[in-house]
Amino acid sequence: MHTLSDIEQATGQAFPPLYRQLDAEGRLGFGGPHPDWFKVVFPSLQAAPPVLLYAYDYEPIPRERLHEAWSDLTAADHYNPLRANMQLLPFAETGAGDVYCFWTNAPGFDEPPVLLVWHDDDRADLLAANYQDFLFRKMVESVLDLEESLLDDSALANNLQRWLDTHRAWLRADQVQALETWFGQTDAIADGALHEDQADALIREVIGFERINERIPYVQA
């Protein structure tokens, strides 16, 4: 399964257009595995950061592993077997093994919303109504805790500006404007003065999604 089209044909599902675009542009990956990734690969990515390079607890699933990730999630003998009426396409994961997925047959949506599927619970959190809003949300949340971030305290403004520069073409104008203001608070970011309730309010204001953070049961009864 070397292309998204191969995976779509095998799964009977479709990735969102923006995700397909970013895959075609080679913007989804973090440079591949390397025994000294932080020193060797990471600096080469910083000049033009790929998608969500600095996002908290986000690791893209390489294209060559996407089908495997889908097979694992949908296996009949999975310890948390997926509901038969729920179609998911994994595209990223957390360090703990939870999986970010497109919910491709979600009723009432023009594009697949994004879920975070918890590996150890019958819990899938509805993070955003579409992939674009998900990118915005993860960028807003990225500056809440620099101790868990790849952002460099000594080059914070530069890191954030280059990150936004590469992402602005993939976001709406109002999202870019909101991030310019949010990222502009570099002193507050460096001091840890921005809080989760502020981030949550901004996310809700800009993406306007009433079902945000709704819990979706995903395990067969």
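The values are calculated or read from the model by the stated rules, or taken from the named source; none is laboratory data. Bear in mind that the values here come from a model prediction, so they are computed numbers and not experimental data. Heads up, the Cβs are rebuilt from the backbone with ideal geometry, glycines too, and the neighbour counts pull from every protein chain shown. Note: accessible area is taken over every heavy atom of the protein model, side chains too, but ligands, DNA and RNA are not part of it. Shrake-Rupley method; radii C 1.70, N 1.55, O 1.52, S 1.80 Å.
Taking K and R as +1 and D and E as -1, what net charge do the other residues with C-beta under 9 Å from the C-beta of P113 add up to? Here the count lands on -1.
Pairs of Cα atoms nearer than 8 Å and 6+ residues apart set the relative contact order; for the range 88-218 it is 24 percent. Think of a 1.4 Å ball rolled over the protein heavy atoms: the range 1-46 then has 59 Å² of accessible area per residue.
Amide H to amide H distances under 5 Å link A128 with V114, where only residues 5 or more positions off or on other chains count and H is placed in the peptide plane. Of the GluC sites (Glu not before Pro) found in the range 138-176, not one falls in a DSSP loop while having at most 15 other beta-carbon atoms within 10 Å. The fraction of accessible area contributed by carbon and sulfur in the chain is 48 percent, rounded to a whole number (1.4 Å probe; ligands and nucleic acids excluded). Cα convex hull, the range 1-65: 103 Å³ per residue, rounded to a whole number.
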